[in-house]
Every structure is written in C-alpha cells, then in structure tokens.
Amino acid sequence: MTEWCLHNVRLDQRLDIPHFTCRTGQITVLLGANGAGKSSLLHVLSGHTRADSGDVLLDGQALPSAHLLA
C-alpha cells in the first residue's frame, strides 16, 4: 500500500501542515475556502511545487531534495 506523508511542510504563507497522511485505497477529501491551500498541497505532493521546509515522504522514504528548496 502506497503512503504519502507530510511533516511540518511550509510553503510561503499559503501552506502550513504539521502532519498529513494519505494512502492508496483510501478516499481523502480536501475541503477549504478559496485560498486555503488545497491546490498548493497537491502541487507539493506531485513535486510540481517545492516546499520551503518540512519532509515529504513516499512509503517512508524521503523524496529527492528536488522537492524541497535549500
């Protein structure tokens, strides 16, 4: 089972996630007002946007540093 985890991920003022986990076979719903960071979260998970800080894990393994800004 594939598992994505985010720990202490920050992206500008748009995103501040202390902990988030989603797994294959599990339905995950993101709700929030406009500007709440829903799209930003998906962009960080996909690698389209790099987080300013924090850990992005896939099956317990940190994603390459390309996902995080130095």
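The values are calculated or read from the model by the stated rules, or taken from the named source; none is laboratory data. Computed from a predicted structure; not experimentally measured. In this analysis, Cβ positions are derived from the backbone assuming ideal geometry, glycine residues included, and neighbour counts consider all displayed protein chains. Just so you know, the surface numbers come from the protein's heavy atoms only, side chains and all, with ligands and any DNA or RNA stripped out. Shrake-Rupley method; radii C 1.70, N 1.55, O 1.52, S 1.80 Å.
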(request) With the full set of protein chains in place, find how many percent of the accessible area of the chain is carbon and sulfur; take the probe as 1.4 Å. (result) 53 percent
(request) Rounding to the nearest 20 debye, state how big the charge dipole of the chain is about its Cα centre with +1 on each Lys and Arg Cβ and -1 on each Asp and Glu Cβ. (result) 160 debye
(message) Just want to confirm a number: the relative contact order over the chain, from Cα pairs under 8 angstrom separated by 6+ residues, in percent.
(response) 38 percent
(message) Give me the 1.4 Å probe accessible area per residue for the chain, excluding ligands and nucleic acids, in Å².
(response) 68 Å²
(message) Quick check on the chain: helices-only [θ] at 222 nm, where DSSP H runs of length 4 and up contribute -39,500 (n - 2.57) each and the sum goes over total residues. Nearest 500, please.
(response) -3500 deg cm²/dmol
